[in-house]
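Comments concern the structure below.
The values are calculated or read from the model by the stated rules, or taken from the named source; none is laboratory data. Keep in mind the model is a prediction, meaning the values are calculated, not measured. Cβ atoms come from the backbone with ideal geometry, glycine included; neighbour counts cover every protein chain shown.
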Amino acid sequence: MNNQLTLTERLKLPTSKFFKPLVTGGIWVAALAAALVAFQTQLAAAGIPVPAVVELIAEGLTILSATVAGIAKLTVDFDHTETKQYLKLRGLVL
């Protein structure tokens, strides 16, 4: 039954309580890492050298945290009232 939900439906339904902090934390870390990458780009444009390892770590954090947030957001809280109502409406009762 769980495999019958589309990606759009999964994004619209409530996220499991366990994964909500992962979504929020992933978004924050991705935003901070992206800001760090942008800051490093500005420093490099001004002629100030930036160590390659710092840039590599910041880019890796951006990708990793955005991926964690995206995957965690696709989880569904099947015990939530809104989810149960939606599944019943679609004929996918647990």
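So the values come out like this:
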quantity	calculated
Cβ-Cβ under 6 Å pairs, at least 6 apart or on other chains, the stretch 1-30 side among the aromatic types (Phe, Trp, Tyr), far side part of a helix (DSSP H, G or I)	Phe19/Ala72
Residue within the stretch 51-59 that is of a type in the set (Gly, Ala, Ser), at negative phi, surrounded by 11 or more Cβ atoms within 10 Å (Cβ to Cβ) and touching a residue at least 24 places away in the same chain (Cβ under 8 Å) present	yes
Which numbered condition Gly60 misses (of (1) at pLDDT 90 or above; (2) of a type outside the set (S, T, N, Q); (3) more than 20 Å from the chain's Cα centre (by Cα))	(3)
Helices (runs of 4 or more DSSP H) lying entirely in the stretch 1-79 (those with 2 or more residues that are β-branched (Val, Ile, Thr))	20-45, 52-73
Hey, Leu89 in a helix (DSSP H, G or I), touching a Leu at 6+ places or on another chain (Cβ under 8 Å), surrounded by fewer than 16 Cβ atoms within 10 Å (Cβ to Cβ) and not charged (D, E, K, R) or not	no
